[in-house]
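Please treat every number below as a calculation from the coordinates, not as lab data. Because the structure is a prediction, the values reported are computed rather than measured. Here the Cβ positions follow ideal geometry from the backbone for every residue, glycine too, while neighbour counts run over all protein chains shown.
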């Protein structure tokens, strides 16, 4: 009888050097791109290299980037949420409505965040409870949520938010460091830990790679997906508070196109649109790049409608690039 | 002696950290079946992928009919007349049988459109010539795995391939279906096709093959005529040593009942299924493919819900609503569909192993990589996993080694009951013996093992008791003491005693 316990061989943890793979990663490419655009911007406009100007730049992406953090986890798990901008519209509208009934600042924030979580939970229930595909569910709720905002507001707008509320979108923590930026950086760290350093994050990756095998491995797939939709709703609610506070008003068309920019950040950040791979550092860098580019174009007086062309093209290019790269490598 | 239709010579292929093929050669002759034999990881699948244009060899040449060819794509392989029928058939569920047969080479009319009428007619003729009894107009998903194989064979016939590769075609077939496949292979032989037949089962090889080629660790170690070679000679070539008794002796002490199932029913799959498994016992489940054995096991594992019945584990009633519940209770399941349900192929070995044990390796929900690597190393080494490192992606492992990853994953959770669904399906003799021996050790350590298997020698060689299922019902539960294989087959197939005699 052969002895199968004693093997004498010991499997090493890994073969490749961590340093080498870090240098050759997508993230280091993003750093190069960000630096390049930063230098281009400083040549393009004399107003760019200025503390306040750079501070303004951060407002260009923080709200969308907050959503992108949660969206990254959702896309890694193999799902998607297209309703995030509509959630902002509904949350903002509900905050405006609460304001009409005399709500104070803490209540307004609670309403905005609460509506966000509820919307996310609703998406999550439709996807995990009724087993509907998330892309269809969230296209539906995208119209639903914004539709409610339109019914409540019509062509009106809510104005007159208190100054203490406006601070969330306009206030500075120290010198040129805005509250929005600080909140984004704190959330980025939290999401980095959540995705890369916890059991929860590990299971998210497993689900994205193969949700059937993950389920067969004892992972509560539906529960985790539900939580991810709630997190995306939560971040949309927070973004609604910041945006509403920054603009000082609510219109039903608020935050239009945010979902595309958030998803662009996620995909540009190296998250696989098919799920199963990605990193928070990549998403943060991608958010910075999108912010730098749109701000740079703004400094050059490029109109907003042209910027959407840029965002759309960028999204297609970053989705196509890995595929083209693979085709090229297979041919070689 | 005629010249071979297909000649491979000096083929080498390496992957990062793994030398899959080294300077191998292979010849296939018209009208003959050549068996390709080797353990898991011997390089059989890699060779097939090289022959079908999926992998590009690092060195070596491929000649078809004496002419040097290169096969940069799967399409170029079929263009030179090489076609493959895979372990897990690659056909399209949502297309009709006729469309599957003619996909890529459908007959066209003068406008360049698909000539549906001719296509259906020819598909029907091909299927009828095989006596397949398949309607070419139904969707493929309505067919069972055996019939899907027949469609794959029909496809091979329709493309007029010179070389047909059959990669473990019998793995999912019942005995009767295997017999039908033999008839087809004879048909292909008579048609002058060269057939490469990959199988782990010696009875099949001796039944159908004319020649054999043996691979070991990516090298060709022997070839010859089947008729002139004994089984033990081939086994010796395969493993490089002699394999004695395949099944370990059962010497575990059998204790009290650990798991009891009472009257488990499912609206469509099974009805009134009851069984018990005791401490230190291997309970075999035998039946034909489709008897509902896997479905029962998946219900015990919480993956599907029963309509009635109950489960008692260690004296306590349990009702797992999910696999996570079952794992927490101490019941784990090694699924039959390794690639889809067993391993997460995009992830490295250690992440696969630690996934259900994250609670144990982590601290307050935060990952601790060192503990994960330790856990993965402990259990994969117990199973003699062959890999270059614990960070190697499981998709680069051979089937048998993937199975070891799945088993390691579950052993790490310290289960009470381990359910193995066709644990040695598609696994070579060497790994098979290792798995069997390991099962013996598990029960010796006080685990209870439930083994679903369609292989008679395995069921008879390993089980303490055997539950026979047919059409979703338990037909009988037998003590494995002087049982005859015929008895099991008779019960499973529902043949009356006098007819069987």
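Taking every Cα-Cα distance in the range B:363-475 and sorting them into 10 Å bins starting at zero, the pair-distance distribution P(r) comes out as 11, 41, 31, 13, 4 percent. First measure r as the distance between the Cβ atoms of residue A:159 and residue A:306, then evaluate 1/(1 + (r/R0)^6) with R0 = 35 Å and state the FRET efficiency to the nearest 0.05. For R0 = 35 Å, the calculated efficiency reads 0.75. Under the criterion of Cα pairs below 8 Å and six or more residues apart, the relative contact order for the range A:48-324 equals 36 percent. Our summary gives the range B:6-239 a relative contact order of 30 percent, counting only alpha carbon pairs under 8 angstrom and 6 or more residues apart. Our helix-only sum for chain B, with -39,500 (n - 2.57) per DSSP H run of n ≥ 4 divided by its residues, gives a mean residue ellipticity at 222 nm of -9500 deg cm²/dmol.
Mean sequence separation of contacting Cα pairs (under 8 Å, at least six apart), scaled by the length of the range A:12-163, corresponds to a relative contact order of 25 percent. For the range B:55-179, the percent of C-alpha pairs falling in each 10 Å distance bin, counted from 0 to the bin holding the largest distance, reads 12, 39, 32, 15, 2. Volume of the convex hull of the range B:122-209 (Cα atoms only), normalised per residue: 92 Å³. Apply 1/(1 + (r/R0)^6) to the Cβ-Cβ distance of residue A:55 and residue A:196, taking R0 = 25 Å, and write down the FRET efficiency to the nearest 0.05. For residue A:55 and residue A:196, the calculated efficiency is 0.30. The range B:278-414 gives an Rg/Rh value of 0.99, both radii derived from C-alpha positions and Rh following Kirkwood.
Rounded to the nearest 5, what is the percent of antiparallel bridges among the DSSP beta bridges in chain B? Beta bridges within chain B, antiparallel portion: roughly 55 percent. Compactness check for the range B:6-239: Cα Rg over 2.2 N^0.38 Å is 1.02. Among beta bridges identified by DSSP and lying wholly in the range B:6-239, the antiparallel ones come to about 55 percent. Percent of Cα pairs in the range A:78-190 per distance bin of 10 Å, from zero to the largest separation: 13, 34, 34, 17, 2.
Label-to-label distance, residue B:68 versus residue B:481, with points set 7 angstrom from Cα along the beta-carbon direction: 6.9 nm.
The distance between label points at residue A:326 and residue B:201 comes to 3.6 nm (points 7 Å beyond Cα on the Cα→Cβ vector). Computed on the Cα atoms alone, the convex hull of chain B gives a volume of 172 cubic angstrom per residue.
Computed over the range A:230-300, the P(r) tail beyond 17 angstrom holds 56 percent of alpha carbon pairs. May I ask for the distance between the Cα centers of the range A:44-86 and the range B:120-145, given as a whole number of Å? Answer, in whole Å: 55.
Tell me, what is the FRET efficiency for residue B:489 and residue B:186 to the nearest 0.05, using R0 = 25 angstrom and their Cβ-Cβ distance as r? Between residue B:489 and residue B:186 the formula returns 0.60.
Overall, the anisotropy analysis places the range B:249-327 in the oblate class: the square-rooted eigenvalues a ≥ b ≥ c of its C-alpha gyration tensor yield a/c not less than 1.5, with a/b not exceeding b/c.
Inter-chain neighbour count for B:324-331: the average number of beta-carbon atoms from partner chains within 10 Å of each residue's beta-carbon is 2. Distance from the C-alpha centroid of the range B:436-450 to that of the range B:351-384: 22 Å, rounded to the whole angstrom.
Volume per residue for chain A equals 187 cubic angstrom (convex hull of Cα atoms).
For the protein assembly as shown, the Kirkwood estimate of hydrodynamic radius, built from reciprocal distances between every pair of different alpha carbons, is 30.2 Å.
Label point of residue B:160 set 7 angstrom out along Cα-Cβ; within the range B:59-102, amide nitrogens under 14 Å from it belong to B:79-82. Here the simple spin-label model places points 7 Å from the Cα toward Cβ, and for residue B:54 and residue B:121 these points are separated by 3.6 nm. Taking the DSSP beta bridges with both ends in the protein assembly as shown, the antiparallel portion is around 60 percent. Quick one: helix B:175-190 against the long Cα principal axis of chain B, what's the angle to the nearest 10°, folded into 0 to 90? That works out to roughly 10 degrees. Normalised radius of gyration (Cα atoms, divided by 2.2 N^0.38 Å) for the range A:175-294: 1.18.
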